[in-house]
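What follows draws every value from the coordinates through simple rules; no lab data is involved. Because the structure is a prediction, the values reported are computed rather than measured. Because the Cβ atoms are built from the backbone with ideal geometry, glycine has one as well, and the counts that use them run over all protein chains shown.
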Amino acid sequence: MRPVAAQIDRDDRIPPELVGALARERFLALGTPAEWGGEPADAGSVAAVLEELARGSAAIGVLVAVHLSVASAPIAAWGTETQKERFLRPLARGERLGAFGLTEPDTGSDAASIRSRYRRDGDGFVLDGRKMFISNAVSAGLVLAFATSDPTLGRRGISAFVVPAGTPGFSVSRRLDKLGLRGSETTELVLDSVTVGAESLLGPEGNGLKVALSALAGGRVGIAACALGVARAAFDEMRQRVRDDDVPWKRTALARSFAELSAAEALVERAAARRDAGEPFARDASVAKLVASRAANEIASRGIDVAGPDGARSGAAPERLLRDARVFPIVEGTTEIQELVLARELLATREEPNPL
């Protein structure tokens, strides 16, 4: 799949026919209940698929991860029967691609401080605002958008809305150029007096942040799996180059990379297993995302060292993998935010006594 990944990177786009193939092969239905047209799959299986997709192309892995984790899954978890029929079924069939609209130009990690507004209008709602760094949005058939009725209310004022593409006032103002994940659409969205019906409100009014945070917890397992896929691709590339090279430091670099890859793999599997068991998994998802994104960057960087000037050429596989890896410490919660959240949880958790 390496030539495909290189072509996607050069063209800055995933060909529509490839997205169509993902839909036909049911990748866009994974984890969605069968009654809504989906392909039932546990979190571990979905993570394994995302890892393999991202191993071939990080942009493809992220496209599928966003569609499944933060578009389809929240509608499956919070939607009414009517909403699932109207919105979830087309997502599972691949007739629509899903996107997640939380981040804003001046609001990233502090989701409770979003400034996009909504107001009631008869039985429906009117949304105004801007969203930034939104994946899949150019091709999306619907976006899960978040807005507040009153910024002074903080998290209590935020609600979630399903906004179908083509709704008057909804537009993609620009597509952003990026260092890595170049084939993945990253955009700025505009909500200009977007009017939606009552059926677009996802979950109870004022519960939007709960919808967002629950989606992001699951999304971090998916993004961690994608980072793991990039780490594995960088490791494969390094191993191929070291195989016929007996320089000691290159071989120790390979060994170190394998240890980091193995640790990340174990943590992604643990987070997915806890989710499948119905246990609290948000902390495990954060740890998996933190370690897998670091592993991707460390291994890809080491891969450049091993490859030398040939690997640093623009468009060379090691160079592309390093650019792709650099995105993962930022998306779905930055490394710094993951560390702060984990520290807060660890300090609030009572230490278990040593059984020995």
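Structure remark: mean-square fluctuation, Gaussian network model of the chain, C-alpha springs under 10 Å; the largest value among 141, 169, 122 belongs to 122. The lysine pair count for the chain, using Cα distances under 21 Å and pairs eight or more places apart or on different chains, is 5.
Only helices enter this figure: runs of n ≥ 4 DSSP H residues, each worth -39500 (n - 2.57), summed and divided by the residues of the chain, yield -15500 deg cm²/dmol at 222 nm to the nearest 500.
DSSP loop trypsin sites (Lys or Arg not before Pro) in the range 262-356 with at most 13 other Cβ atoms within 10 Å of their Cβ, which ones? Sites meeting the loop and neighbour criteria: 313, 350.
Looking at the square roots a ≥ b ≥ c of the eigenvalues of the Cα gyration tensor of the range 232-356, which shape do they give, rounded for a/c under 1.5, prolate if a/b is larger than b/c, or oblate?
prolate
Take every DSSP beta bridge whose two residues both sit in the chain; close to 80 percent of them are antiparallel. For the chain, modelled as a GNM whose springs connect Cα atoms under 10 angstrom apart, the maximal fluctuation among 137, 264, 41 occurs at 41.
What ratio of Cα Rg to 2.2 N^0.38 Å holds for the range 28-72? Before the final figure, lay out each step's value.
Working: Rg = 10.2 Å, N = 45, 2.2 N^0.38 = 9.3 Å.
That ratio works out to 1.09.
By the count of other C-beta atoms within 10 Å, a proxy for reagent exposure, 214, 69 are ordered fewest to most as 214, 69.
Among 248, 33, 329, the residue with the largest mean-square fluctuation in a Gaussian network model of the chain, with springs joining Cα atoms closer than 10 Å, is 248. If you wrap the Cα atoms of the range 2-97 in a convex hull and average its projected area over all directions, you get 5.7 nm². The range 176-227 gives an Rg/Rh value of 1.07, both radii derived from C-alpha positions and Rh following Kirkwood. For residue 343, what is the net charge nearby, where nearby means another residue's Cβ is under 14 Å from its Cβ and Lys, Arg count +1, Asp, Glu -1? Charge balance near residue 343 sits at -1. Percent of Cα pairs in the range 61-149 per distance bin of 5 Å, from zero to the largest separation: 3, 14, 21, 22, 22, 13, 4, 0, 0. Screening the chain for DSSP H helices whose Cα atoms reach 30 Å or more along their own axis and whose mean Kyte hydropathy is at least 0.0 gives 208-242, 282-307.
Counting pairwise Cα distances across the range 176-315, what percent come out greater than 26 angstrom?
For the range 176-315, the fraction of Cα-Cα distances above 26 Å is 44 percent.
When the Cα convex hull of the chain is projected onto planes of every orientation, the mean area is 19.5 nm². On a per residue basis, the convex hull of the C-alpha atoms belonging to the range 99-205 measures out at 93 Å³.
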